[in-house]
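Report on the following structure.
The values are calculated or read from the model by the stated rules, or taken from the named source; none is laboratory data. Note that the structure is a prediction, hence the values are computed from the model and not measured. Cβ placement follows ideal geometry from the backbone for every residue including glycine, while neighbour counts extend to all protein chains displayed. Keep in mind that these areas ignore ligands, DNA and RNA; they rest on the heavy atoms of the full protein, side chains included. Shrake-Rupley method; radii C 1.70, N 1.55, O 1.52, S 1.80 Å.
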Amino acid sequence: MAATIHELADEFTRFLNEWHSFPEPYDDELDAWLHEEYAKIKRHRHFVDWSGVYFSPSSANSDNRELYVKALKMPRDDDDTKPWQRRWQALGTAIGDMLQREILLAERHYEKFTLKKPPFVMARTETGQPFFEDFVHGQHFFEHKGEKFSIVGTCDGILVHQPTGRRIGLEIKSKQTTYGETSDSRLKAPKSDHVAQVTAYSLMYGVTEYFIVYINASKKAWFMDDDEFAKSPDFRVFGVEITDDMRQALLDKFAGVASAVRTKTPPPLDIEKFRFNNFKRSCALSLTDDEFEEIKMQVQRAMRSGMPAWKKEQYFEAYQFIKEVREQEAN
């Protein structure tokens with residue numbers, strides 16, 4: 001009987017924990033080759049047709065109103081980037097780069113240490129490059145429910161399970177606040193945003209199984225026994241099977257936004273997703289007076305409900321921002 005994606009996720013976890021129990025092998029040949037391949041692809045500009053409605057995989061779970069105003073080329077919010085946020089994002093990227101390289105290293109050296117072939121290796125493109133990042137960046141076009149749109153972006157990788165030949169997508173996420181963020185009690189399942197993101201990759205690359213990997217930059221301690229490490233792992237892997245229904249739902253969502261753009265019929269604003277909306281000001285100004293009044297009543301109902309205090313605060317913050325932006329524009 002074939003292993004489930006959850007069993008393969010456990011196998012991938014054991015594989016990397018074993019691999020990382022050995023000293024890192026130096027491999028100048030690998031690094032030189034990888035940098036040379038990156039240099040070649042970086043000099044080649046990816047052509048993207050920005051004229052139509054397009055979406056990015058990372059926006060697969062975004063508010064439809066945000067996607068709508070973005071598609072209409074309305075202004076994105078000016079970033080008020082804080083220094084720690086910039087470093088946070090850069091470290092997240094570096095963590096992904098690290099794991100990709102570690103998988104390539106294991107392909108070349110794992111057998112020397114373990115006398116076993118690595119169960120997982122990175123897939124290759126038709127020209128022999130690793131199947132990740134700039135090497136597979138592209139624009140994929142879709143037509144669904146009479147609407148045309150595209151998904152633009154790239155993935156963290158496609159793995160090959162060598163014993164079975166199964167191709168499994170790889171999505172790498174970082175955690176950087178506390179070591180408890182990747183404990184069993186705090187992280188029971190992959191985040192819904194990340195599941196939506198890999199569903200978009202499934203549409204792009206035709207892969208129906210995915211690993212969502214969480215790597216925690218915060219560690220409990222340098223010295224830990226096995227029990228402590230089991231309670232506070234810095235590395236978690238979740239297996240996700242992308243079903244036809246999941247792909248259909250995402251296509252429906254994107255087609256719905258494309259239809260709204262074509263007919264100039266804006267979708268409702270979801271204030272639960274407002275904190276991480278990158279087009280807050282444009283969304284606020286796009287609201288009709290009736291829509292704004294509905295949001296006001298929605299927030300009032302939330303304030304009187306048994307909703308957690310942190311969630312009430314988010315609702316109120318969203319309402320205050322929208323109110324202030326609209327008042328400033330009116331004056």
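Average projection, convex hull of the Cα set of segment 249-331: 6.5 square nanometres. Legend: residue pairs Lys273/Lys312; Lys70/Lys253; Lys42/Lys73; Lys70/Lys311; Lys70/Lys280, Cα-Cα distance threshold 18 Å; pairs beyond threshold, Lys42/Lys73; Lys70/Lys311.
Positive contributions from Lys and Arg (+1) and negative ones from Asp and Glu (-1), summed over other residues with Cβ under 9 Å from the Cβ of Lys231, come out at -2. Label-to-label distance for Glu317 and Arg87 is 2.2 nm, based on points extended 7 Å past Cα in the beta-carbon direction. Close lysine pairs were tallied over segment 164-238: pairs 8 or more places apart or on different chains with Cα atoms under 14 Å apart number 7. Fully extending the segment from Arg14 to His46, taken as 0.36 nm per residue of separation minus the present Cα-Cα distance, adds 7.8 nm. The residues Arg86, Arg65, Arg124, sorted by heavy-atom accessible surface at 1.4 Å with ligands and nucleic acids left out, run Arg86, Arg124, Arg65 from largest to smallest. Scaling against 2.2 N^0.38 Å puts the C-alpha radius of gyration of segment 188-323 at 1.42. With a 1.4 Å probe rolled over the protein heavy atoms of all chains, the accessible area of Glu36, Glu133, Glu293, Glu147 falls in the order Glu36, Glu293, Glu133, Glu147, largest first.
Ligands, DNA and RNA aside, Glu228 has an accessible area near 60 Å² when probed at 1.4 Å. The heavy atoms of Thr177 present about 80 square angstrom of accessible area, all protein chains included, probe 1.4 Å. Using a probe of 1.4 Å on the protein chains alone, the accessible area found for Trp310 is around 150 Å². Taking the convex hull of the alpha carbon positions in segment 152-268 and averaging its projected area over all directions gives 10.1 nm². In terms of Cα atoms, the Rg and Dmax of the chain work out to 22.3, 73 Å.
Note that segment 175-313 presents 54 Å² accessible area per residue, ligands and nucleic acids not counted, probe 1.4 Å. Measuring between their Cα centroids, segment 116-156 and segment 258-284 lie 28 Å from each other.
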